Amino acid sequence: MAYFENVIIGSGPAGAACGITLQSSKSENCVIDRAVFPRNKTCAGLVTTKTYNLIQTLMGEDCRDGLFCAEAKAVRLFDKTEMLVSAPITNAVRLVNRREFDNALVDRYKALGGTLFDGEQILRIDYKSNKIRLKSGKIIQYKNLVFADGALSLAHKQINFKKENLGFGIEAYIPSDKFNTDSVDLFFDYVADGYFWAFPHGETVCVGFGNRYSKSTDYRGILTDFLRERGIDCKGQKYVGAFLPYGNAVPQNKLPKNVMLTGDAAGFTDPVSGEGLYMSMKSGILAANALKTSSPKKNYLESVKPLIRIVNDGRKAQKLFYTPVIHKKIIDKIRNSSGGFVGFYFDNMVNEYRYDYRSLPTLYKKSRR
């Protein structure tokens, strides 16, 4: 049996960020993941300015241009096939391939001396004795446990968190000579409560959509129709999908006092933009910092209150935006605008959190000055 003071389940951006931060302070820890890296991950890979700053903190000298597969200097909004507006972005956003990016974070963690148990399936977690039994036969004992294992976290069974609270996303990678864009493209009104995206990834374009999860939704069919509408032959096209947070922060007080949730496991994704990388890495770093204190869970829940507020306020903004009458008015407003608000919004609410969702009316007024 092996003992680690802090055990992290999941080595995606949240888990890797937590592990890297702990390793930087020489705190005893390990990371467990059922996958063997590199592995694929459903994600459009948008890296905003605030996210890039976190990556620099985590990667240090390893934060090189090679981590990123493309950049975009404009955002374009569409109402189905009609382009509503094209707005420049003050600070270009970067794009990453999640297979390569996540693997780089894991390599950084291991380079700092971190212990990774990859390809390991968890059979049982005994929260009373603080022991984890793996399919390989290993038993790991811990003092503190951090879940960073995605939207379908193992921890959700303890609090009866349902799939109905989640979203679902599906995507495909299309050769850029068949679907070409060098901007952040968002398409509305193809699906309820969500949007399509097309983001440049170098020689390919990541095309997909996400919305509130429904068992009856034909996700593959909807994406296929979207691509065929643009003249793309989908025969043999590979699709990947995954459950995603959808505006519901997962309650953590019902979990044991030595258990914390980070990233998608905690529901930490912006409900309006759909951005998840920032909150994943930020919550992983905050969890690691809290683990260095005498009251980790208490201090962690205090430190993530700003993230929870973004999720809660963003959910309200999301519901308003997708209310049919309001949605139509907003789309018409964008259609008849010069694009100033769209660019201003992206610079101040997507690239950086300079405002909160409660300040949207103020943000709109400032954009018109």
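The values are calculated or read from the model by the stated rules, or taken from the named source; none is laboratory data. These numbers were taken from a predicted model, which means no experiment stands behind them. Here Cβ is always computed from backbone atoms with ideal geometry, including for glycine, and neighbour counts include all displayed protein chains. Only protein heavy atoms, including side chains, enter the accessible area calculation; ligands, DNA and RNA are left aside. Shrake-Rupley method; radii C 1.70, N 1.55, O 1.52, S 1.80 Å.
Would you kindly state how much longer the chain becomes between residue 295 and residue 257 on full extension, computed as 0.36 nm times their sequence separation minus their alpha carbon distance, in nm to one decimal? Write out the running numbers ahead of the final one.
Working: separation 38, 0.36 × 38 = 13.68 nm, distance 0.93 nm.
Length gained between residue 295 and residue 257: 12.7 nm.
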Per-selection metrics, segment 135-204 (Cα): Rg and Dmax in Å:
19.3, 52
Using alpha-carbon coordinates alone, the radius of gyration and Dmax of segment 1-146 in Å work out to 18.7, 61
Reach of residue 131 by Cα under 17 Å, taken over aspartates and glutamates that are not fewer than 8 positions away in the same chain:
5, 28, 33, 120
Using just the helices of the chain, give the 222 nm mean residue ellipticity in deg cm²/dmol: DSSP H runs with n ≥ 4 each add -39,500 (n - 2.57), and the total is spread over all residues, rounded to 500.
-9500 deg cm²/dmol
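Let me check I have the definition right: for segment 238-297, take the eigenvalues of the Cα gyration tensor, multiply each by 5, take square roots. What are those semi-axes in whole Å, largest first? Please report the intermediate quantities before stating the final value.
Working: eigenvalues 120, 33, 21 Å².
Semi-axes from the Cα gyration tensor: 25, 13, 10 Å.
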Of the heavy-atom accessible surface of segment 236-349 (probe 1.4 angstrom), what whole percent is carbon and sulfur?
58
Taking the Cβ of residue 291 as the centre, find all other residues whose Cβ is under 11 Å away and add up their charges (Lys, Arg: +1; Asp, Glu: -1).
+1
Of the accessible area of segment 79-119, with the probe set at 1.4 angstrom, what percent is carbon plus sulfur?
38
What whole number of Å gives the distance from the Cα centroid of segment 1-46 to the Cα centroid of segment 113-159?
11
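Between rounded, prolate and oblate, where does segment 123-239 land on the alpha carbon gyration tensor, with a ≥ b ≥ c its root eigenvalues, rounded for a/c under 1.5, else prolate if a/b exceeds b/c? Intermediate values should be presented prior to the final figure.
Values: a/c = 2.99, a/b = 2.22, b/c = 1.35.
Taking the square roots of the gyration eigenvalues as a ≥ b ≥ c, segment 123-239 is prolate.
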Per residue, the convex hull volume that the Cα atoms of the chain enclose (Å³):
138
Need the C-alpha centroid separation for segment 184-212 versus segment 267-318, integer Å.
25
17 Å Cα-Cα reach of residue 80 towards lysines, excluding residues that sit fewer than 8 places from it in its own chain
328, 329, 333
Leaving ligands, DNA and RNA out of it, work out the accessible area of residue 149 with a 1.4 Å probe and give it in Å² to the nearest 10.
50
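Just the C-alpha atoms of segment 212-369: what Rg/Rh do they give, with Rh taken as the Kirkwood radius? Display every interim value, and only then the final one.
Details: Rg = 19.1 Å, Rh = 18.3 Å.
We get a ratio of 1.04 for segment 212-369.
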